[in-house]
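Here's the structure we're looking at; comments come further down.
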Amino acid sequence: IGNSNNGINCADSVLFYAPMVHGPGNPSSLYFGTTRLYRSSDQGVAMTDVSGSLPARISAIAVSAQDDNVRLVGTTTGTIFLSTAAGATSMTNITGPIPGRYVGRVAIDPTNANIAYVALNGFGLSAGQHVWKTTNLLSGTPTWAASGVGIPDVPVNAFAIDPQNPQSVFAGTDIGVFRSVNGGTSWEPFSDGLPRVAVFGM
């Protein structure tokens with residue numbers, strides 16, 4: 001259910017599942033989100049708090065393929081947190097100008113840990129604001145820019161980066177998949193032959 005006046009959709013009020021992702025390495029680490037980010041190095045037998053208490057539930061997690069210490073999370077209220085130090089037990093709020101919407105996905109470029117994306121749910125956002133991008137994630141004060149021009153004002157629920165060509169990125173929305181071939185500068189529909197339905201995973 002969407003409401004363009006207050007930017008709320010069904011995902012804003014109900015978290016359908018807690019996010020879980022693998023980190024790099026062999027065996028890989030495992031991350032799980034609640035109002036804290038937990039990390040396991042033994043397939044989930046023991047989970048260690050690596051974020052401290054956050055002000056909202058975690059809805060999205062990304063870990064750099066290059067460095068298990070680079071961890072990015074988004075929350076149900078639209079805040080973005082980052083940690084980069086080995087042994088970190090807290091995270092820094094790096095939300096900046098990103099609107100306060102449920103974060104559908106966060107993603108870190110698999111070939112460059114300085115590049116990251118945030119995808120937002122909800123309605124009522126200005127043109128291009130359902131996807132945000134930074135190219136200086138590790139700077140301490142990342143600069144975010146709206147990078148969703150071409151995606152309509154619909155929730156972005158899924159996000160994927162082509163590991164062979166990171167300029168090619170994909171956004172799963174409530175009305176199908178969109179693709180950018182220039183790292184988010186512009187987007188176009190990528191759903192030929194597919195039904196016009198909500199996409200939640202890629």
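For the stretch 70-99, what are the residues that are surrounded by fewer than 16 Cβ atoms within 10 Å (Cβ to Cβ) and either farther than 17 Å from T134 by Cα or touching a Lys or Arg at 6+ places or on another chain (Cβ under 8 Å) (or both)? A85, A86, G87, T89, S90 - these are the residues of the stretch 70-99 that are surrounded by fewer than 16 Cβ atoms within 10 Å (Cβ to Cβ) and either farther than 17 Å from T134 by Cα or touching a Lys or Arg at 6+ places or on another chain (Cβ under 8 Å) (or both). When we screen P142, P152, P97 for residues that are within 24 Å of P24 (Cβ to Cβ) and not β-branched (V, I, T), the only hit is P142.
Every residue, every condition in (1) modelled with pLDDT of 95 or more; (2) in contact with a Cys (Cβ under 7 Å, 6 or more places away or on another chain); (3) not aromatic (F, W, Y), yes or no:
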{"residue": "F123", "(1), (2), (3)": "yes, no, no"}
{"residue": "T134", "(1), (2), (3)": "yes, no, yes"}
{"residue": "I151", "(1), (2), (3)": "yes, no, yes"}
{"residue": "F159", "(1), (2), (3)": "yes, no, no"}
{"residue": "G183", "(1), (2), (3)": "yes, no, yes"}
{"residue": "G201", "(1), (2), (3)": "no, no, yes"}
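Across the stretch 56-78, a minimum of one residue is classified as in a loop (DSSP other than H, G, I, E, B), out of contact with any strand residue (DSSP E or B) (no Cβ under 9 Å at 6 or more places or on another chain) and under 25 Å from S147 (Cβ atoms).
Residue selection: G104 satisfies the criterion of being in contact with a strand residue (DSSP E or B) (Cβ under 6 Å, 6 or more places away or on another chain) and in a strand (DSSP E or B). Against the criterion of being touching a Gly at 6+ places or on another chain (Cβ under 7 Å) and under 30 Å from D68 (Cβ atoms), V131 qualifies.
The residue pairs whose first member lies in the stretch 17-34 and is at negative phi and at pLDDT below 90, whose second member is open to solvent by less than 20 Å² (accessible area, probe 1.4 Å) and of a type in the set (A, V, I, L, M, F, W, C), and whose beta carbons are closer than 9 Å, counting only pairs six or more residues apart or on different chains, are A18/I58. Once the stretch 1-14 is narrowed to residues that are buried (at least 16 other Cβ atoms within 10 Å of the Cβ) and on the phi < 0 side of the Ramachandran plot, the residue that is modelled with the lowest pLDDT is G2. You will find that of G148, G140, G193, the residue that is closer than 15 Å to Q129 by Cα and of a type in the set (G, A, S) is G148 and no other.
For residues that are open to solvent by less than 40 Å² (accessible area, probe 1.4 Å), under 20 Å from T84 (Cβ atoms) and assigned to a loop (DSSP other than H, G, I, E, B), tally how many sit in the stretch 111-125. Counting residues in the stretch 111-125 that are open to solvent by less than 40 Å² (accessible area, probe 1.4 Å), under 20 Å from T84 (Cβ atoms) and assigned to a loop (DSSP other than H, G, I, E, B) gives 2.
Evaluate the stretch 36-48: report whether one residue or more is closer than 30 Å to I175 by Cα and modelled with pLDDT of 80 or more. No, the stretch 36-48 has no match at all.
The values are calculated or read from the model by the stated rules, or taken from the named source; none is laboratory data. Remember, it's a predicted structure, so these values are computed and weren't measured experimentally. Virtual Cβ from ideal backbone geometry, glycine too; neighbours counted across all protein chains shown. For accessibility, only protein heavy atoms count, side chains too; no ligands or nucleic acids. Shrake-Rupley method; radii C 1.70, N 1.55, O 1.52, S 1.80 Å.
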